[in-house]
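Q: Before I ask anything, here is the structure I am working with.
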Amino acid sequence: MDAKIPLIEDDARVAGSLKKELETEGYETVAAGRADDGLARARKDGFNLVITEAKMPGLSSLELVEQLHAAKPKLPIILMTASAPPKRP
């Protein structure tokens, strides 16, 4: 498979787990621990998809998505979060 996917995730355990699963399926992955580092890699390398944590050091998730789409408008982005939704009364 030719798909390259940057994993922009500051939790090394989560990034390692995702990397292992994706590479088992034949995807090439590159890990970045900061949003700005992931953005630089995505601009430089030819990626087909970006997977990123919503809360990352370096840039807000909104800034990251805006800059990724400015560089490559049709680039699919998966934005994930480990944050739990607020409890209802």
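The values are calculated or read from the model by the stated rules, or taken from the named source; none is laboratory data. Small disclaimer: the values here were computed from a predicted structure and weren't measured. Quick reminder, even Gly has a Cβ in these numbers, built from the backbone with ideal geometry, and neighbours come from all protein chains shown.
Q: Looking only at the stretch 12-56, filter to residues that are charged (D, E, K, R) and exposed (fewer than 13 other Cβ atoms within 10 Å of the Cβ); which one of those is modelled with the lowest pLDDT?
A: First pass over the stretch 12-56, keeping only residues charged (D, E, K, R): 13, 19-21, 23, 25, 28, 34, 36-37, 41, 43-45, 53, 55.
This time we only want the ones that are exposed (fewer than 13 other Cβ atoms within 10 Å of the Cβ), so: 13, 20-21, 23, 25, 44-45, 55.
Numbers: Arg13: 89, Lys20: 93, Glu21: 93, Glu23: 92, Glu25: 91, Lys44: 78, Asp45: 74, Lys55: 81.
Looking at the filtered set, the residue picked out is Asp45.
Q: Those residues that are touching a residue at least 40 places away in the same chain (Cβ under 8 Å) and within 8 Å of the chain's Cα centre (by Cα), I need them from the stretch 27-48; list them, please.
A: So in the stretch 27-48, the residues touching a residue at least 40 places away in the same chain (Cβ under 8 Å) come out as 45-48.
Once the filter is applied, which keeps residues that are touching a residue at least 40 places away in the same chain (Cβ under 8 Å) and within 8 Å of the chain's Cα centre (by Cα), the stretch 27-48 yields nothing.
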